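Read through the structure below, which is laid out as structure tokens, and then see the notes.
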Amino acid sequence: MPMYYETQASLVRELWMVVQYFLAASLSLPPNTHHHSVRLLTLVSALALLDAIVRRNPPHSQHDLSRVYSGALRPEQKVGAFAVAAPPLAESSEDPVTFFDRFMV
């Protein structure tokens with residue numbers, strides 16, 4: 001079942017409001033390692049939801065964000081997510097460990 005642009009935009013807005021409410025509530029608590037780990041895990045989960053929502057390509061949409069983000073804007077170039085083709089980068093790297101080190105944050 002396709003997700004329309006209005007639904008996608010509404011889900012992103014609602015998720016942003018939930019994240020803002022969560023951050024306001026969690027930052028009012030005294031800091032300790034447990035609260036920090038829960039906050040981090042919750043934000044990563046929200047980011048995963050946002051990633052799944054934005055990757056859906058709504059039909060008949062005038063906006064290219066989802067198509068660029070999912071790599072569907074240029075299917076003939078066989079690019080992956082974020083419009084970056086990772087196999088040529090991996091082939092150009094001599095050591096696979098250094099290839100993955102480039103993308104570490």
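The values are calculated or read from the model by the stated rules, or taken from the named source; none is laboratory data. Everything quoted here is computed from the prediction, not taken from an experiment. No Cβ is skipped: glycine too gets one built from the backbone with ideal geometry, and neighbour counts run over all protein chains shown.
Regarding segment 16-38, can at least one residue be identified that is at pLDDT 70 or above, surrounded by 10 or more Cβ atoms within 10 Å (Cβ to Cβ) and either within 16 Å of the chain's Cα centre (by Cα) or on the phi > 0 side of the Ramachandran plot (or both)? The answer is yes; a qualifying residue exists. Can you give me the number of residues within segment 1-15 that are within 20 Å of Asp64 (Cα to Cα) and either acidic (Asp, Glu) or outside any loop (DSSP other than H, G, I, E, B) (or both)? Number satisfying all stated conditions: 9. Scanning segment 16-61 for residues that are part of a helix (DSSP H, G or I), under 19 Å from Pro2 (Cβ atoms) and of a type in the set (Gly, Ala, Ser) yields one hit, Ala52. A search for C-beta distances below 6 Å between a residue of segment 23-40 that is touching a residue at least 60 places away in the same chain (Cβ under 8 Å) and any residue that is assigned to a helix (DSSP H, G or I), counting only pairs 6+ apart in sequence or on different chains, returns nothing. Pairs linking a residue in segment 50-70 that is touching a residue at least 24 places away in the same chain (Cβ under 8 Å) to a residue that is assigned to a loop (DSSP other than H, G, I, E, B) and among the aliphatic types (A, V, I, L, M), with Cβ atoms under 7 Å and 6 or more positions apart or on different chains, are Arg56/Met3; Pro58/Met3.
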